[in-house]
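Each reported figure results from applying straightforward, stated rules to the coordinates on display, with no laboratory input. No experiment lies behind these values; they were computed from the predicted model shown. In this analysis, Cβ positions are derived from the backbone assuming ideal geometry, glycine residues included, and neighbour counts consider all displayed protein chains.
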Amino acid sequence: MKQCIAAFKTTYETLNAEDCFRDAGIKFRPILKPRKIGSSCRMVLRFDESLLPLAKKVVAKSKLEFAGFYRQEGEIWIKIEND
């Protein structure tokens with residue numbers, strides 16, 4: 001099962017995103033941000049990649065200050081470009 005993370009620009013935005021994800025039924029886990037991901041926030045939300053389309057809708061609708069989605073490939077995280 002592949003994992004994705006959603007990174008936000010601040011801890012405040014990440015905490016708001018938790019509520020938005022919860023309300024949308026997205027199962028997630030807050031984790032420490034991987035070092036190579038650019039964001040001033042130290043926390044990200046990890047979730048199953050199958051939920052990525054829903055997560056994208058939630059982020060777009062919520063107007064959160066968003067840093068990006070990332071997909072785990074082995075031990076590295078690759079930014080998912082908007083499609």
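Overview of values
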| read-out | value |
| --- | --- |
| Neighbourhood net charge (13 Å Cβ-Cβ; Lys/Arg +1, Asp/Glu -1) for Ala24 | +2 |
| For Trp77, residues with placed amide H under 5 Å, excluding near neighbours | none |
| Computed [θ] at 222 nm, deg cm²/dmol, the chain (DSSP H ≥ 4; -39,500 (n - 2.57); rounded to nearest 500) | -9500 deg cm²/dmol |
| The chain - Rg and Dmax from Cα coordinates, angstrom | 11.3, 31 |
| Debye, to nearest 20: dipole size of the chain, +1 on Lys, Arg Cβ, -1 on Asp, Glu Cβ | 140 |
| Likely footprinting exposure, Met1, Met43, fewest C-beta neighbours within 10 Å first | Met1, Met43 |
